[in-house]
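Asks: I am attaching a structure below and will ask some questions about it afterwards.
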Amino acid sequence: MAGNKLTIKLTDEQQNQIKTATGKSIKELNIDLGAASRLTDKDLEKASGGVIAFERDAT
């Protein structure tokens, strides 16, 4: 089932951003497309840092 795997190589800048945010070194992302197809739109928003709502302080 190698055809269902997707590998995304990260740029140096992307690697640096991840290292700064998490302290972990990641050079590429490996995605199982079979598993990803079962995610809902809401799940994808959460995983990608999509929609974020902030409440304003009324004072």
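Asks: Could you check, for segment 2-20, whether at least one of its residues is open to solvent by 90 Å² or more (accessible area, probe 1.4 Å), modelled with pLDDT under 90 and not polar (S, T, N, Q)?
Replies: yes
Asks: How do the pairs read when you match residues in segment 20-47 that are part of a helix (DSSP H, G or I) with residues anywhere that are at pLDDT below 70 and open to solvent by 100 Å² or more (accessible area, probe 1.4 Å), using Cβ under 6 Å and keeping only pairs 6 or more apart or on different chains?
Replies: Glu45/Val51
Asks: Further, regarding this structure: Check off (1) modelled with pLDDT of 80 or more; (2) among the small types (Gly, Ala, Ser); (3) surrounded by 10 or more Cβ atoms within 10 Å (Cβ to Cβ) for Gly34 and give me the number that stays unchecked.
Replies: Checking Gly34 against (1) modelled with pLDDT of 80 or more; (2) among the small types (Gly, Ala, Ser); (3) surrounded by 10 or more Cβ atoms within 10 Å (Cβ to Cβ), the one that fails is (1).
The values are calculated or read from the model by the stated rules, or taken from the named source; none is laboratory data. Model, not experiment: these values are computed from the prediction. Quick reminder, even Gly has a Cβ in these numbers, built from the backbone with ideal geometry, and neighbours come from all protein chains shown. Side chains are part of the model used for accessible areas, which takes the heavy atoms of the whole protein and leaves out ligands, DNA and RNA. Shrake-Rupley method; radii C 1.70, N 1.55, O 1.52, S 1.80 Å.
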